[in-house]
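Q: I am attaching a structure below and will ask some questions about it afterwards.
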Amino acid sequence: MTSAAPPPGNPEGFGPLQLLVIQPTPYCNLDCDYCYLPNRSDRHRLPLELLDAALERVLESPYVGGDFTLLWHAGEPLTVPISFYDEATERIRRAEQAWAGGPLRIHQSVQTNATLINDAWCDCFERNGISVGVSMDGPAFLHDVHRRTRTGLGTHAASLRGIGHLRRRGIHFQVIAVITEEALRYPDELFAFFVENGITNVAFNMEETEGENRVSTLSRPHAEEAYQAFLRRFWELWQQHPESMRVREFDGICSLAAADARMELTDMTHPFAIVNVDARGAISTFDPELLAVETDTYGDFVLGNVLKDSLVSIAATAKFQRIHRDMRAGLARCQQECPYFGLCGGGAGSNKYWEHGTFDCAETQACRYRIKLTADVVLDGLERMLEIPV
């Protein structure tokens, strides 16, 4: 995102809100071994009164500048009944109509493992206008290594069955695949799997050292070289069949290059561009990954509760100000030290903390994978495609 003049009542220039992440339940029906979330056995469900309060806290704040997305996320949102989302949608529409700032649209999205998707869920997505993101790691021999049930069974067939329901109903979806060390040897198989199964919108999330996942397989020797080789091959395949799919990592860098644009900051480190609310009403900002974790340096990242704290009051707390101060210091380090800064705007605070124990730092393994290695592959590929002499 780029900076703009702050709206009235917001002298710090926080926001504008782009993403409201709400946890309908901490519970997940899977037990993926790289998951960063604690408390995945907790079956507590978000009371809809807390949804009302969360919307009120957001919409009364000076940090809303227009339309934004409400993302249902973490643990598995579809373990909550369909009726929950029908009622939630009615409450969201009432909140839109009550907002004093003019016409407003709150777009709903859900991130799911797809194992529970059936025609009834597709009906729910359609009538409530809910966009769908699916977490799936590719072919069964890669997916089932890490994404298993609580009894240790693979989940690939169930996820693929859910994707089949989406495809038959013509419901657009994006797949996010976690890339582990095992996947790096199989770019051709991964690409072919996406094509064969009609998966046309793909994003890669690197396995990260984060939260409950204390060690990433991508920290092993030579993994970075293997990842760059993986990306080069995936780029080659994508260039041969560009109509087959959109690849988030390639699209983002190509768009910045084509427009000769640069990022000035990222939503992950800019206050109230993202607001996170858990199933008990706890509020945080910055990375959604920070809400549910405890740390030695900062304690937890809960900044308030929707039943009693406004976003403006949260911004005045000592805890928020300490986190924000360290975030800004780390951002300044990135800007001063990193030639890739314009491609990421300063990275994600959660990666900085889990790798270095503080937000006041610059390079992380996550940014090397997500930005630096990817940018090198994409820019080299563009130069070759356009026959630009190096």
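The values are calculated or read from the model by the stated rules, or taken from the named source; none is laboratory data. On a predicted model such as this, the values are computed, not experimentally measured, just so you know. FYI the Cβ positions are ideal-geometry reconstructions off the backbone, even for glycines, and counts take in every protein chain you see. These area figures cover heavy atoms from the full protein model, side chains too; ligands, DNA and RNA do not enter into them. Shrake-Rupley method; radii C 1.70, N 1.55, O 1.52, S 1.80 Å.
Q: Working from the pairwise distances between different alpha carbons, so that the mean of 1/r is found and then inverted, what is the stretch 129-170's Kirkwood radius in Å?
A: 11.2
Q: Report, largest value first, the span of the C-alpha coordinates of the stretch 248-357 along each principal axis, in whole Å.
A: 46, 24, 22
Q: Then there is this: At q = 0.22 Å⁻¹, what log₁₀ I(q)/I(0) does the stretch 33-126 have when each alpha carbon counts as one equal point scatterer in the Debye sum?
A: Log-scaled intensity ratios, in q order: -1.22.
Q: Net charge within 13 Å of Ile274 by Cβ-Cβ distance, Lys/Arg positive one each and Asp/Glu negative one each, not counting Ile274 itself?
A: Within the 13 Å Cβ shell, the charges total -3.
Q: Sticking with this one: Once you keep just the Cα pairs under 8 angstrom separated by 6 or more residues, what percentage relative contact order results for the stretch 71-173?
A: For the stretch 71-173, the relative contact order is 28 percent.
Q: Using the Kirkwood radius built from alpha carbon pairs, what does the Stokes-Einstein equation give as D for the stretch 155-298 at 20 °C and 1.002 mPa s, in µm² per second?
A: Stokes-Einstein gives a translational diffusion coefficient of 119 µm²/s.
Q: Looking at the stretch 190-341 only, what percent of DSSP beta bridges run antiparallel? Nearest 5 please.
A: Beta bridges within the stretch 190-341, antiparallel portion: roughly 75 percent.
Q: A follow-up question, please. How big is D for the stretch 77-157, in µm² s⁻¹ as a whole number, if Stokes-Einstein is applied with the Kirkwood radius of its Cα pairs at 4 °C and 1.567 mPa s?
A: 88
Q: Then there is this: Pull up the cross-link candidates among the lysines for Lys308, meaning alpha carbon to alpha carbon under 25 Å and not fewer than 8 places away within one chain.
A: Within reach: Lys319.
Q: A follow-up question, please. Relative contact order of the chain, please, whole-number percent, based on alpha carbon pairs below 8 angstrom and at least 6 residues apart.
A: Value for the chain: 18 percent.
Q: Taking a 1.4 Å probe, which of Ser310, Ser41 shows the most accessible area, and what order do the others take after it?
A: Listed by decreasing accessible area, they come as Ser41, Ser310.
Q: So, one more: Note down the net charge around Ala257, summing +1 for each Lys or Arg and -1 for each Asp or Glu among other residues with Cβ under 14 Å from its Cβ.
A: -4
Q: Could you state how much accessible area Thr69 has, in square angstrom rounded to the nearest 10, with a 1.4 Å probe and all protein chains kept in place?
A: Approximately 40 Å² for this residue.
Q: Follow-up. Looking at the chain, what % of its DSSP beta bridges pair antiparallel, to the nearest 5?
A: 25
Q: With a 1.4 Å probe and all protein chains left in place, how much accessible area per residue does the stretch 1-107 have, in Å²?
A: On a per-residue basis, the stretch 1-107 sits at 44 Å².
Q: In whole angstrom, note down how far apart the Cα centers of the stretch 163-199 and the stretch 279-348 are.
A: Distance between centres, Cα-based: 32 Å.
Q: Write out the GluC sites (Glu not before Pro) in the stretch 283-390 meeting two conditions: DSSP loop, and at most 16 other Cβ atoms within 10 Å of their Cβ.
A: Glu387
Q: If you add up the charges near Asp188, with Lys and Arg at +1 and Asp and Glu at -1, over every other residue whose beta carbon is less than 14 angstrom from its beta carbon, what do you get?
A: Counting the neighbours of Asp188, the net charge comes to 0.
Q: Now a separate question. Just how far, in whole angstrom, is the stretch 33-47 from the stretch 60-84 if you go by their alpha carbon centroids?
A: Taking the Cα centre of the stretch 33-47 as reference, the centre of the stretch 60-84 is 16 Å away.
Q: At a temperature of 37 °C and a viscosity of 0.692 mPa s, determine how fast the stretch 250-295 diffuses translationally according to Stokes-Einstein, using the Kirkwood radius over alpha-carbon pairs as Rh; express D in µm²/s, rounded to the nearest whole number.
A: The diffusion coefficient I find is 259 µm²/s.
Q: Next up: Kirkwood hydrodynamic radius for the chain: how many Å is it when counted over pairs of different Cα atoms?
A: Final number for the Kirkwood radius of the chain is 21.8 Å.
Q: Okay, next question. Show log10 I(q)/I(0) for the stretch 41-197 at q = 0.08, 0.19, 0.20 Å⁻¹, two decimals, from a solvent-free Debye sum over equal Cα scatterers.
A: Log10 I(q)/I(0), no solvent term: -0.29, -1.17, -1.24.
Q: So, one more: Could you work out the Kirkwood radius for the stretch 133-198, taking every pair of different alpha carbons, averaging 1/r and inverting it, reported in Å?
A: 12.4 Å is the Kirkwood radius here.
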